[in-house]
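The values are calculated or read from the model by the stated rules, or taken from the named source; none is laboratory data. None of these values were measured; they are calculated from a predicted model. In this analysis, Cβ positions are derived from the backbone assuming ideal geometry, glycine residues included, and neighbour counts consider all displayed protein chains.
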Ligand code: 1HE
């Protein structure tokens, strides 16, 4: 593991392990609450990844992934300032979802409010059994502002998100896995290694495949079917015409590539 040379606030730590960049939320005393500085730092991290990075692992230090928005910073804002603040989060999290490489988030403890919005911007979520999810915005008299109302209904549906916000309901790690908040569930202390293994695997994919999955797939899913089929055909043709695909298919046909195996 080596440090990544980036200008980040003390609440964030950046390292690399081979071709995986690792971003740690490192403000455990405040439960990794996210202030403006941290959000700007997240944006800096995702926009300054070295070209040879193939995937990102995102995790949190201490007992919790993130307690969401730093409520201590919630000063009196007028409507215009409030819109700008939410826009800051939107801009930073766009750089995660539609950035250069796929992102694996490792979750544990509280994944709440803006912390859940951050996790939702990643491409793969690994949850340890200690994880719990909540949207306490309702009880704080505010609303989600970090893209939650766009991304979370796509993961769990509008009705579940409404329930979380209206009732303050918390989902456990196991429930979160069942409804699609995570796609891997691990024992305590195993999330990082599991996430790193997944990130390393993702980094070995053909770059064009990762591009198609990150950039084309979610957009195709939003299109009317007719447009979706057309864009899928184009993306598929572009991917298979690439030299990387030709080499990988040749490897399979000449029995050099691994077969698909049950886990
Ligand atoms: C904080 C924050 C925070 C902790 N902003 N300082 N998010 C919330 O409404 C969740 C608020 N936090 C909690 O419910 C709890 O802190 C936890 C369940 C996450 C963790 O509990 P615990 O017992 O481990 O820690 P703690 O004793 O509550 O907190 C430790 C310290 O972190 C304490 O500060 P201290 O100086 O007294 O030691 C807390 O004040 C501080 N802390 N969470 C500021 N969130 C883009 S819009 C997004 C909108 C939202 O995210 S709203 C949801 C906000």
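Taking the condition within 24 Å of residue 208 (Cα to Cα) and either away from the ligand (no atom under 15 Å from the Cβ) or not in a strand (DSSP E or B) (or both), does residue 94 pass?
yes
Quick check: anything in segment 195-207 under 14 Å from residue 126 (Cα atoms), touching a strand residue (DSSP E or B) at 6+ places or on another chain (Cβ under 6 Å) and surrounded by fewer than 17 Cβ atoms within 10 Å (Cβ to Cβ)?
no
Could you tell me which of the residues 217, 185, 166, 234 is farther than 24 Å from residue 90 by Cβ and assigned to a helix (DSSP H, G or I)?
234
Hey, among the residues in segment 61-73 that are within 22 Å of residue 161 (Cβ to Cβ) and free of Cβ contacts under 8 Å to residues at least 60 places away in the same chain, which one's surrounded by the most Cβ atoms within 10 Å (Cβ to Cβ)?
My answer is 66.
Of the conditions (1) without any contact (Cβ under 8 Å) to a residue 60 or more places away in the chain; (2) surrounded by 24 or more Cβ atoms within 10 Å (Cβ to Cβ); (3) within 16 Å of the ligand (Cβ to nearest atom), residue 115 fails just one. Which one is it?
(1)
Take the residues in segment 118-143 that are farther than 16 Å from residue 170 by Cα and within 11 Å of the ligand (Cβ to nearest atom), then tell me which one is surrounded by the fewest Cβ atoms within 10 Å (Cβ to Cβ).
Here the answer is 141.
Sort through 29, 40 and tell me the only one that's in a helix (DSSP H, G or I) and out of contact with any helix residue (DSSP H, G or I) (no Cβ under 9 Å at 6 or more places or on another chain).
Exactly one residue qualifies, and that residue is 29.
Does residue 85 meet the test of being touching a strand residue (DSSP E or B) at 6+ places or on another chain (Cβ under 8 Å) and within 14 Å of the ligand (Cβ to nearest atom)?
It is false that residue 85 is touching a strand residue (DSSP E or B) at 6+ places or on another chain (Cβ under 8 Å) and within 14 Å of the ligand (Cβ to nearest atom).
Among (1) over 22 Å from residue 213 (Cα atoms); (2) modelled with pLDDT of 95 or more; (3) within 16 Å of the ligand (Cβ to nearest atom); (4) surrounded by fewer than 22 Cβ atoms within 10 Å (Cβ to Cβ), there is one condition residue 150 misses while meeting the rest; what is its number?
Just one mismatch for residue 150, condition (1).
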